[in-house]
1. For mean projected area of the Cα convex hull in nm², the choices are (i) 10.4; (ii) 13.9; (iii) 12.4; which was calculated from the structure?
2. About its Cα centre, how strong a charge dipole does the chain have in debye, to the nearest 20, once Lys and Arg get +1 and Asp and Glu get -1 at the Cβ?
3. So how much accessible area does Leu17 have, in Å² to the nearest 10, using a 1.4 Å probe?
4. Count neighbours as other Cβ atoms within 10 Å of each site's Cβ, and list the trypsin sites (Lys or Arg not before Pro) in the stretch 90-181 that are DSSP loop with at most 15 such neighbours.
5. Working out 0.36 nm times the residue gap between Glu47 and Lys68, then minus their Cα-Cα distance, what length gain in nm do you get to one decimal?
6. So for the pair Ala156, Arg10, with labels modelled 7 Å out along Cα→Cβ, what separation do we get in nm?
7. Under a crude label model (7 Å from the Cα following the beta-carbon direction), how far is Leu189 from Lys26 in nanometres?
8. Could you report the accessible area of Asp43 in Å², rounded to 10, computed with a 1.4 Å probe on the protein chains as they sit in the structure?
Amino acid sequence: MDTYKTDFLRGNPKGRLLRYNPKTSKIDVLADGIWFANGVAVDPNEEFVLVVSTASSRVLKYHLEGKKKSEVEVLLDGYFLDGIDCSTNGKCYGIIVTAPPLLVKVLSALDPVVNRWLRFACMMMPKSFMPSVVPYLGIVEFDPKDGKVSKFIEDAKGKTLKTFTGVTEHDGKLYLGSLSNDFMGVLTL
């Protein structure tokens, strides 16, 4: 989490979406300028790749096939996602590990010059002053064609499930993984 905080405060979109060819050992940059590139999901039909831009609260869609091949578009906006998965059921799922800190909301709403200055000032503060992960769980179910949200599951206080970073759908159940919990979460859709 410290890496994310530092990357966010730097205010430089340095994240990239890469493609590795195992036959040639060649790496291609498919997309760059991503604000903390995080979760990645490939469509089951391999028509597109989704990448979470956590610091901008967006899901980006990189088209692998079709008329928009090689184009990047914002598919989902306004969700502070971490992990992401696309299922064979035609839906995609994103997981929210913590409620967006107030600092993120404030900085995102400011003029770019003021925003940059405040980010710099925050980087000088001791880490103990930085917002910490708040017990929370949010899961967004959405259509990968148009980004329309069809379901939002939330445990706003993290009483039952909290701090999960990964999600995978299988046979009508969501399996939730974590970097810190010593168990997995399972939710029936």
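The values are calculated or read from the model by the stated rules, or taken from the named source; none is laboratory data. What you are looking at is a predicted structure, and each value in this text was computed from that prediction instead of being measured. Neighbour counts run over all protein chains shown; Cβ positions are idealised from the backbone, glycine included. What goes into the accessible areas is simple: the full protein's heavy atoms, side chains included, and nothing from ligands, DNA or RNA. Shrake-Rupley method; radii C 1.70, N 1.55, O 1.52, S 1.80 Å.
1. Of the listed options (i) 10.4; (ii) 13.9; (iii) 12.4, (iii) comes from this structure.
2. Dipole of the chain, to the nearest 20 debye: 520 debye.
3. Spelled out: Leu17, probe radius 1.4 Å, area about 10 Å².
4. Answer by residue number: Lys145, Lys148, Lys157, Lys159.
5. 6.5 nm
6. 3.5
7. 3.7
8. We get 20 Å² for Asp43.
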